[in-house]
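Here's the structure, in structure tokens; my notes come after.
Values quoted throughout were computed directly from the atomic coordinates according to the rules given, and no laboratory measurement underlies them. Just so it is clear, the structure is predicted and the values come from calculations on it, not from any experiment. Ideal geometry is used to build each Cβ from the backbone, glycine not excepted, and the neighbour counts take in all protein chains shown.
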Amino acid sequence: MDLFINQYTWIQKTRELLFRYCETMSPEDYVKELDSFGGDSILSLHAHVADCYRVWLGTRALGKSLRAIRPDSINNVQEMCEVYSKTDELVHEFLREFNGKWEQNVPVTFENGSRVEFTALWLFTHTITHEFHHKGQIVKIGRQLGYIPPDTDLIAPRHI
């Protein structure tokens, strides 16, 4: 199995634990915006992470024209899981496209007109570390709302 596909499988398994945790929350708490997190909700953070994959891997690396993932179009954990099913397809397409070409530069033009080149490896690393950063915030929000999280650290290989 390809190294990065295997790595992403671990990320998916960890994400599944997080979604199961979110399913224990009331629907109101999943969408509750907290001032202590800049007005973000768990749902909005999940949508933001999926949109990061869309932008960096789909639009910028693969050159796809994809609609933004808007939090207000998602109502619950089950719908978010559907968003991530499509996100997983996009990530796997990216991994197939750049397999063995991890040092290949991908030119990116930002809205302000500036241009930068990132390697495919950087793009993949950026998106997965970004997800884990926000996973920590989601767990923290859940705790603030009174939900005790399971261990959501990266699943050990023996559990896959």
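Assorted remarks:
- The trypsin sites (Lys or Arg not before Pro) found in the range 74-159 that occupy coil by DSSP, while having at most 15 further C-beta atoms within 10 Å, are LYS101.
- Pairs of Lys in the chain closer than 23 Å at Cα, counting only those 8 or more apart or on different chains: 8
- Degrees separating the helix 120-144 axis from the principal Cα axis of the chain, which is the longest one: 10
- VAL106 long-range amide H proximity, modeled H, under 5 Å: PHE118, THR119, ALA120
- Furthest towards positive pole of dipole, VAL139, TYR30, SER114, structure part the chain, Cβ charges: SER114
- In this simple spin-label model, placing a label point 7 Å from the Cα along the Cα-to-Cβ direction at both GLU28 and PHE110 gives a separation of 4.1 nm.
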